[in-house]
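Presented below is the structure to which this report refers.
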Amino acid sequence: MTRKDYELIAATIRQAFAWVEHQERACPDSMTRERIKESVAGEFERQLSKTNPRFDKYRFADACNKQEEA
């Protein structure tokens with residue numbers, strides 16, 4: 001996989017997080033949101049680390065959590 005692939009995956013996770021946060025406003029339960037975020041990002045980290053020995057899970061987590069730039 002290339003850096004472009006990792007960036008696409010991180011962007012997808014950010015979008016999923018945004019959807020979860022939108023849903024939380026409709027039905028507040030921050031523990032559920034955090035568990036969903038940790039589960040999705042954690043699974044991607046585990047799987048992607050298998051594809052590249054230089055995969056940086058901390059950098060990937062930062063990319064998943066960064067705010068979208070307008």
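Here Ala16, Ala41, Ala61, Ala10 are screened, and the one residue that is small (Gly, Ala, Ser) and at pLDDT below 80 is Ala16. For the stretch 1-58, the tally of residues that are open to solvent by less than 90 Å² (accessible area, probe 1.4 Å) and not in a helix (DSSP H, G or I) stands at 5.
The values are calculated or read from the model by the stated rules, or taken from the named source; none is laboratory data. Keep in mind that what you see is a predicted model, and the values were worked out from it rather than measured. Accessible surface areas use protein heavy atoms only, side chains included; no ligands, DNA or RNA. Shrake-Rupley method; radii C 1.70, N 1.55, O 1.52, S 1.80 Å.
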